[in-house]
Amino acid sequence: MPLLDGEIRSAFAMTEPEVASSDATNVQTSIVRDGDEYVINGRKWYISGACNNRTKIMIVMGKTDPDGENRYMQQSMVLVPLDTEGVTVVRPMQVFGYDDAPEGHAELTLENVRVPVSNLLLGEGRGFEIAQGRLGPGRIHHCMRLIGMAQRALEAMCVRAETRIAFGKPLSKQQSVREDIALSACEIEQARLLTFKAASRMDEGGNKAAKDLISMIKIVAPNMACAVLDRAIQIHGAAGVSQDFFLAHAYAAARTIRLADGPDQVHMMQLGRNLAAATRFETGRY
């Protein structure tokens, strides 16, 4: 209830430095039952929010059945309070030099961490199921934020182009600058409409029905935001990479989302596989 009431915050601990965590079945953190407790050992990093003093609990993903025949049922998720003995926040990770305080992205270790068996979510072997259920809506949220970020960059680009004088006239009089503004507006609107379509499909049919559209927008939106922000930085000149504007920090965030919740290559691989497997064109599929 404190979490639901907004009195505390939580963190999701899945990514690990020693394995390719874009494939969640690679996660190596062990969750071993010992009587009425689970004993957890592992190392996690880029655990967003874990550096915040208000974050009191983590959802930790690890393996309860590492030798199970079904590799998608080896993983489980368990609740671990941050103040549990054996939990150590090693350091705040940086993203392109930003530590994103106060939330931060922690590297942490779990050494013989013990929690009650009742802290397990849903049941043993259901961690991958939980992760997939969360990641669809999470990816849409990323895309929504990226579109807002790109829209803000476009507006800043327009203001700069109208007010900055170079070679005796405003930058907006330069053809290349006008083209950058026009192209950015087109790309933002394309990504916005695709996001709406993916969200609508999720509302109508759930995550599974929208999986291809979710992959599409997760590929499109971060790349779009990076491109728009890059143009905005260029039009701002040296100021664009400084702390005087939001652009440099926003670019770091947008570039990071090309990795978060599945890198571009994973989404393209799965999307291409799904499309190629379709034996016939179904009207209205997208």
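Where a number appears in this text, it was derived from the coordinates with a stated rule and is not lab data. Predicted, not measured: the structure shown is a model, and the values here were computed from it. In this analysis, Cβ positions are derived from the backbone assuming ideal geometry, glycine residues included, and neighbour counts consider all displayed protein chains.
Over the chain, DSSP H runs of length four or greater, each weighted -39,500 (n - 2.57), average out per residue to a 222 nm ellipticity of -15000 deg cm²/dmol. Spin-label model, Ala182/Gln132: points 7 Å from Cα along the beta carbon direction are separated by 4.5 nm.
Across the chain, Cα pairs under 8 Å and at least six residues apart give a relative contact order of 15 percent. Whole-Hz Karplus values for segment 98-115 come out as 9, 9, 6, 5, x, 5, x, 9, 7, 9, 9, 10, 10, 10, 6, 6, 10, 9 Hz, taken residue by residue from phi with 6.51 cos²θ - 1.76 cosθ + 1.60 and θ = phi - 60°; glycine and proline positions read x. With the alpha-carbon atoms of segment 128-277 aligned to their principal axes, the span from lowest to highest coordinate is 59, 26, 25 Å, starting with the largest. Diffusion coefficient of the chain by Stokes-Einstein, Kirkwood radius over Cα pairs, 20 °C, 1.002 mPa s: 102 µm²/s. Among the chymotrypsin sites (Phe, Trp or Tyr not before Pro) found in segment 179-283, those both in a DSSP coil and sparsely packed, with 13 or fewer other Cβ atoms within 10 Å of their Cβ, are Phe281. Take every Cα-Cα pair in segment 100-152 and report what % of them are more than 18 Å apart. Beyond 18 Å sits 66 percent of the P(r) for segment 100-152. Could you tally up the Lys pairs in the chain with alpha carbons closer than 29 Å? Skip any pair fewer than 8 positions apart unless they're on separate chains. Here the count comes out as 12. The equivalent ellipsoid that matches the C-alpha gyration tensor of segment 87-204 spans semi-axes of 44, 23, 8 angstrom, in descending order. A straight line joining the Cα centroids of segment 44-95 and segment 219-250 runs 32 Å.
Of the two radii for segment 126-170, the radius of gyration is 1.46 times the Kirkwood radius, both from the alpha carbons; that is the Rg over Rh value. Short-range pairs are left out: with C-alpha atoms under 8 Å and at least six residues apart, the relative contact order of segment 156-277 is 23 percent.
Could you identify which residue out of Lys173, Lys63, Lys197 has the top mean-square fluctuation in a GNM of the chain using Cα springs shorter than 10 Å? Maximum fluctuation in the GNM of the chain, among the listed residues, is at Lys173. Restricted to Cα atoms, segment 9-123 shows a radius of gyration and a Dmax of 13.8, 44 angstrom.
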